[in-house]
Every structure is written in C-alpha cells, then in structure tokens.
C-alpha cells in the first residue's frame, strides 16, 4: 500500500536528457550513478538488507547505486523525525524521489469512512493534517489512503457519499500544500470486506471529489486479482491515476515470477508519458543476496522498451 511527490530538480547541462518528474540526467549520469531504468521504480526498506544490513541510510545508498531513482516507505509516518530528516537528506543527495507513505491508520475489520461516523471522519482528517508535516519533511508529494471496511448496515450509495465527503474535506487540507492522496483499491482475496476494490470505483470517487489532491493508486498486483484486463482498465482511468505499484501474481513477488506480462504493462505506462513513481510493493521470490540480485535483474529484464 502511495498514494505525493515533491521533487528535487537538478540543473540541465549540455547534452542532458529529461526523464520527467522533475529529474534530469546529464548523459544518463548523476551523482556518479548510471541511470539504468526507463521508469522510476521505487524499492522499499528491507528489499536489499542482505547486501547492506538494516540501516535505512545504507539501504537508500545501495538503491541509488543500482540505478533506482525513487523510493517508497509505507511506514514513514511513524518513523522518528530525526530519521525522516536523515532519509530525506540522503534521498536529496542521491537524486532519489520519495514515493508514497501511508497517511493514516487503516480500518481493516470495521467501517470508518464508509459509515459516515463523525468521530471517525475527524480522526481521519487529523491524520491527514499530521501527514502534511511528514510529507514536507521527506519531500513527498503523495500519500496512500485506504477508505477502510464496508459498512454492511448501509447501501453502497450512502457509503460512497460518506467516503466522498471525507475525501473532499481531506482534499481541502492537502490542496494548499500541493499534496495528493492516492486511493488504493485492494483485492478481495488478501483483504476481504474492504470498501474500495476496483479501479472504476476509484475513478468514480475521484471524479466526485474533483480535486487534484485526490487521485488513484493503481496497484497492478491487486487489480490483476480483482479485475484483470490491466492495460484497458488503466487506459480507462488514466486521467485519475497518479501512482502505480507493482507485484506479480500469484505470490506478490518481483516481475517475471508470475502471470503478468510486465514488459508490456511497463511499455504501456511509458508510452503514456508517465512521470510518476512505480512502487515495488512486493516481496523477493528468493532469499538472501541472490534473491535481492534477482529482483534487480528482473527489473532490468522487463524494462526493455
């Protein structure tokens, strides 16, 4: 689970090529790093820990050394401020763009936003206010929002109206700061009973909220399970998609380990001129250093267009 970005700009030099999202690379190199990927794939902490250990700063530097130009961290909101600041400086120094973090506590088993409960809405909005400070601290532009569990006592129309109203109020908080919450539909198998499950539903909600601060996080793994038909569904909702996450199915591991043709999916995303981040929200299919190298190699294999 992001949901944003806030982008460090580097000066163009002679012969430089622009890679979008506010980053530019002269002759495909910056800060001593060779740019290897056409899209901004974003690893997370722990993905390469067998190479460099648990230290977040060492992990960020390793990611940059491998050519990754983005990073996401679902748990950033709950990290110590001092660590947030150190991570932000490292990302700035290494030309890494911060992706999503989760903006609030997610209600996995009971309704909150769908219920229309005033206290639950106030709690959610307070999390959004606090997440503004986190986003500024770590140079983030996006934050993930999951509306929570369905309310079985209410028809879907009422639930949708309650969710839309909460998101409109959250958008009013985020808009002055040029921040965006990204709504993540989640699949029924891994997360049964949640309100938001499909891309057309997320699209409808974003259109109703009608704010640049409320967009879609299209998680390819979740939507392959929930609805399939990935490229046509992305095309249909493209004008509301601001963030993408990755995971193959079955298994939720790196591309090439499952049924999804990620070369074609990434080719489509690239053809749309996507300048955002693609979060690597998946596990490693193999353990230890060999498994971590396999993740890097998998992205090199599918990033061929």
#### Entry: Any pair with Cβ under 8 angstrom, 6 or more apart, that starts in the stretch 286-305 at a residue that is assigned to a loop (DSSP other than H, G, I, E, B) and ends at one that is modelled with pLDDT under 95 and surrounded by 13 or more Cβ atoms within 10 Å (Cβ to Cβ)
303/36
#### Entry: Which listed residue is surrounded by fewer than 15 Cβ atoms within 10 Å (Cβ to Cβ) and within 21 Å of residue 219 (Cβ to Cβ), from 108, 142
108
### Query
Restricting to the stretch 263-273, what's the tally of residues that are out of contact with any strand residue (DSSP E or B) (no Cβ under 7 Å at 6 or more places or on another chain) and buried (at least 21 other Cβ atoms within 10 Å of the Cβ)?
1
### Query
Just to be sure, is residue 183 crowded, with 17+ Cβ neighbours inside 10 Å and farther than 19 Å from residue 276 by Cα?
no
### Task
Could you tell me whether the stretch 67-84 includes any residue that is over 19 Å from the mean Cα position of the chain (by Cα), surrounded by fewer than 19 Cβ atoms within 10 Å (Cβ to Cβ) and under 27 Å from residue 188 (Cα atoms)?
no
### Query
Quick check: anything in the stretch 179-187 in a loop (DSSP other than H, G, I, E, B), at pLDDT 95 or above and more than 18 Å from the chain's Cα centre (by Cα)?
no
### Message
Among the residues of the stretch 247-257, are any more than 19 Å from the chain's Cα centre (by Cα) and buried (at least 18 other Cβ atoms within 10 Å of the Cβ)?
### Response
yes
### Message
So the check is Cβ under 9 Å with 6+ separation or different chains; which pairs have a first residue in the stretch 41-70 that's on the phi > 0 side of the Ramachandran plot and at pLDDT below 95 and a second one that's surrounded by fewer than 17 Cβ atoms within 10 Å (Cβ to Cβ) and assigned to a loop (DSSP other than H, G, I, E, B)?
### Response
none
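The values are calculated or read from the model by the stated rules, or taken from the named source; none is laboratory data. In this text, all values refer to a predicted model and were calculated from it rather than measured experimentally. Because the Cβ atoms are built from the backbone with ideal geometry, glycine has one as well, and the counts that use them run over all protein chains shown.
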